[in-house]
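So that we are looking at the same thing, I have put the structure below in C-alpha cells.
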Amino acid sequence: SHLNGYSKSKADLDTKILAAMRKAAVEAGADPDVVEALPNWTLHDCRRTARSLMSRAGVSSEIAERVMGHTKGGVEDVYDRHRYTAEKGAALVKLAGLLTLIVTPPADNVVSLDEARA
C-alpha cells in the first residue's frame, strides 16, 4: 500500500524548521520575529535539489536517475537486471560529501565581511 500522512508530516517539519530558524536568529543576535514564515516549498523540491547536486558532485546522469528511482523503460529495463547498488551507494556518498561542504564549509574558505572590506 502507499504511504499516508505526508501533509501532517510536512506541516510538522515546517514547524520545526521555522523554530530552528528563529533559534539561529537569536544566536546570531537578531530578532527572531524577523523570521515570520517559511517560503512555500514541497518535499519534491528536496528530490529536485538532490538530483541537481548529484550532477554537481560528478555523478553520472544514468546513476543519478537510478538513485531517484527513475527507470529508462523499454528493452534496457527488460534485459539489464543489475541493481546498481554499489553505484547508487557511491552516488549517495558523493551527495553527502557535497552537502557537508555546503553546510559546513572549510574554515579557510570563510572570510568575515569586515575582513573582506579592509
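The values are calculated or read from the model by the stated rules, or taken from the named source; none is laboratory data. From a predicted model like this one, the values you see are computed outputs, not experimental measurements. Note that we place each Cβ from the backbone using ideal geometry, even for glycine, and neighbour counts take in every protein chain shown. Accessible surface is based on the protein model in full, side chains and every heavy atom, while ligands, DNA and RNA are left aside. Shrake-Rupley method; radii C 1.70, N 1.55, O 1.52, S 1.80 Å.
Report yes if some residue within the range 61-72 is surrounded by 12 or more Cβ atoms within 10 Å (Cβ to Cβ), at negative phi, polar (S, T, N, Q) and outside any loop (DSSP other than H, G, I, E, B); otherwise report no.
The answer is no, given that none of the residues of the range 61-72 is surrounded by 12 or more Cβ atoms within 10 Å (Cβ to Cβ), at negative phi, polar (S, T, N, Q) and outside any loop (DSSP other than H, G, I, E, B).
Another question about this same structure. Looking at (1) within 22 Å of LEU43 (Cα to Cα); (2) in contact with a Ser or Thr (Cβ under 7 Å, 6 or more places away or on another chain), find the lone condition where ILE63 falls short.
(2)
Inspect the range 22-34 for any residue being open to solvent by 80 Å² or more (accessible area, probe 1.4 Å), within 26 Å of SER7 (Cβ to Cβ) and part of a helix (DSSP H, G or I) and give the result as yes or no.
First, the residues of the range 22-34 that are open to solvent by 80 Å² or more (accessible area, probe 1.4 Å): 22-23, 26-28, 31, 33-34.
Remaining after also requiring within 26 Å of SER7 (Cβ to Cβ): 22-23.
Restricting the remaining residues to those that are part of a helix (DSSP H, G or I) gives 22-23.
Yes, some residue in the range 22-34 is open to solvent by 80 Å² or more (accessible area, probe 1.4 Å), within 26 Å of SER7 (Cβ to Cβ) and part of a helix (DSSP H, G or I).
Shifting gears a bit: Please work out which residue is farthest from ASP14 (Cα to Cα), limiting yourself to the range 31-54 and to residues that are modelled with pLDDT of 90 or more and among the aliphatic types (A, V, I, L, M).
Here the residue is MET54.
Restricting the search to the range 86-118, which residues are surrounded by 14 or more Cβ atoms within 10 Å (Cβ to Cβ) and touching a residue at least 40 places away in the same chain (Cβ under 8 Å)?
Scanning the range 86-118 gives LYS94, LEU95, LEU98, LEU99.
Looking at the range 43-51, can you tell me whether even one residue there is within 30 Å of GLU87 (Cα to Cα) and exposed (fewer than 10 other Cβ atoms within 10 Å of the Cβ)? Give the steps one after another, and end with the answer.
Initial filter on the range 43-51 (within 30 Å of GLU87 (Cα to Cα)): 43-51.
Narrowing the set further to residues that are exposed (fewer than 10 other Cβ atoms within 10 Å of the Cβ) leaves 44.
Yes, that holds for at least one residue.
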